[in-house]
Amino acid sequence: SVKAESGKDFMLSEKYGYLHSCPTNLGTGMRASVHVDLPGWTKEGLPALKARCEELGLQPRGTRGESGGQTGITYDISNKHRLGYSEVELVQKMIDGVNTLWKEDKELVAKQG
């Protein structure tokens, strides 16, 4: 293993957990996500959805992953922050935010006709 070959141990912080080269993986590093159809937000445009997700502490992605792009009306919505929050807080942020987006989406669809 790399650990055995290098003779070095992993860095472990009592406060943040295992330390990695990517700061988003500090702490729990947990990303909770759900795929959800958002036809109303799709019609409003990706910049509008991204702005709303920012306000809610969420991150929208296409269903093809981080760099796979967006197709259709289905989005992968996840918690934006990974550091400084418990697992419960991270999952609850995603659940509350997705529920808000879904409710707003229904209103947008009705408004858009």
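The values are calculated or read from the model by the stated rules, or taken from the named source; none is laboratory data. Bear in mind the structure is a predicted one, so any value in this text is a computation, not a measurement. Please note: Cβ atoms are built from the backbone with ideal geometry, for glycine as well, and neighbour counts cover all protein chains shown. Surface accessibility is based on the protein's heavy atoms, side chains included, excluding ligands, DNA and RNA. Shrake-Rupley method; radii C 1.70, N 1.55, O 1.52, S 1.80 Å.
The number of residues in region 74-86 being under 13 Å from the mean Cα position of the chain (by Cα) and either modelled with pLDDT of 90 or more or part of a helix (DSSP H, G or I) (or both) comes to 6. Considering only region 88-106, how many residues are open to solvent by 90 Å² or more (accessible area, probe 1.4 Å) and either under 15 Å from residue 48 (Cα atoms) or at pLDDT below 95 (or both)? So the answer is 4. It is to be established whether one or more residues within region 60-71 are open to solvent by 50 Å² or more (accessible area, probe 1.4 Å), at pLDDT 85 or above and either within 11 Å of the chain's Cα centre (by Cα) or over 17 Å from residue 98 (Cβ atoms) (or both). No, region 60-71 contains no residue that is open to solvent by 50 Å² or more (accessible area, probe 1.4 Å), at pLDDT 85 or above and either within 11 Å of the chain's Cα centre (by Cα) or over 17 Å from residue 98 (Cβ atoms) (or both). Just one of the listed residues (75, 85) is open to solvent by 50 Å² or more (accessible area, probe 1.4 Å) and in contact (Cβ under 8 Å) with a residue 12 or more places away in the chain, namely 85. Considering only residues in region 1-44 that are in a loop (DSSP other than H, G, I, E, B) and either of a type in the set (S, T, N, Q) or at pLDDT 95 or above (or both), the one that is nearest to residue 111 (Cα to Cα) turns out to be 38.
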